[in-house]
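The values are calculated or read from the model by the stated rules, or taken from the named source; none is laboratory data. Note that the coordinates shown come from a computational prediction; the quantities given were computed from them, not determined experimentally. We place every Cβ from the backbone using ideal geometry, glycine too, and count neighbours over all the protein chains shown. Just so you know, the surface numbers come from the protein's heavy atoms only, side chains and all, with ligands and any DNA or RNA stripped out. Shrake-Rupley method; radii C 1.70, N 1.55, O 1.52, S 1.80 Å.
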Amino acid sequence: MSKGTPSKGKHANRKTHVPCRRCGKNAFNIRKGICASCGYGKTTTLRTYSWAKTH
Ligand SMILES: [Zn+2]
């Protein structure tokens with residue numbers, strides 16, 4: 001276990017995302033107060049992009 005980038009470190013301690021109230025995904029950024037998935041906290045409508053396929 002010595003090859004590659006260590007995935008565990010200081011980064012693992014801090015949780016940046018918690019379950020979103022609106023979409024339920026673990027994408028709500030605590031520091032920003034914005035959901036990375038649906039845009040909760042930033043926009044009242046669902047965050048959607050044409051390039052982002054929902055399925
Ligand atoms: Zn969300």
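Some observations on this one:
- Taken together, the residues in the range 13-28 that are closer than 18 Å to Thr48 by Cα and more than 10 Å from the ligand (Cβ to nearest atom) amount to 0.
- Boolean, Thr54 is assigned to a loop (DSSP other than H, G, I, E, B), more than 16 Å from the ligand (Cβ to nearest atom) and at pLDDT below 85: no
- Residues (outside any loop (DSSP other than H, G, I, E, B) and either among the charged types (D, E, K, R) or in contact with a His (Cβ under 9 Å, 6 or more places away or on another chain) (or both)) located in the range 13-51: Phe28, Asn29, Cys35
- Boolean, Lys42 is modelled with pLDDT of 95 or more, out of contact with any helix residue (DSSP H, G or I) (no Cβ under 8 Å at 6 or more places or on another chain), of a type in the set (D, E, K, R) and within 15 Å of the ligand (Cβ to nearest atom): no
- Restricting attention to the range 18-55, the residues that are of a type in the set (A, V, I, L, M) and open to solvent by 100 Å² or more (accessible area, probe 1.4 Å) total 1.
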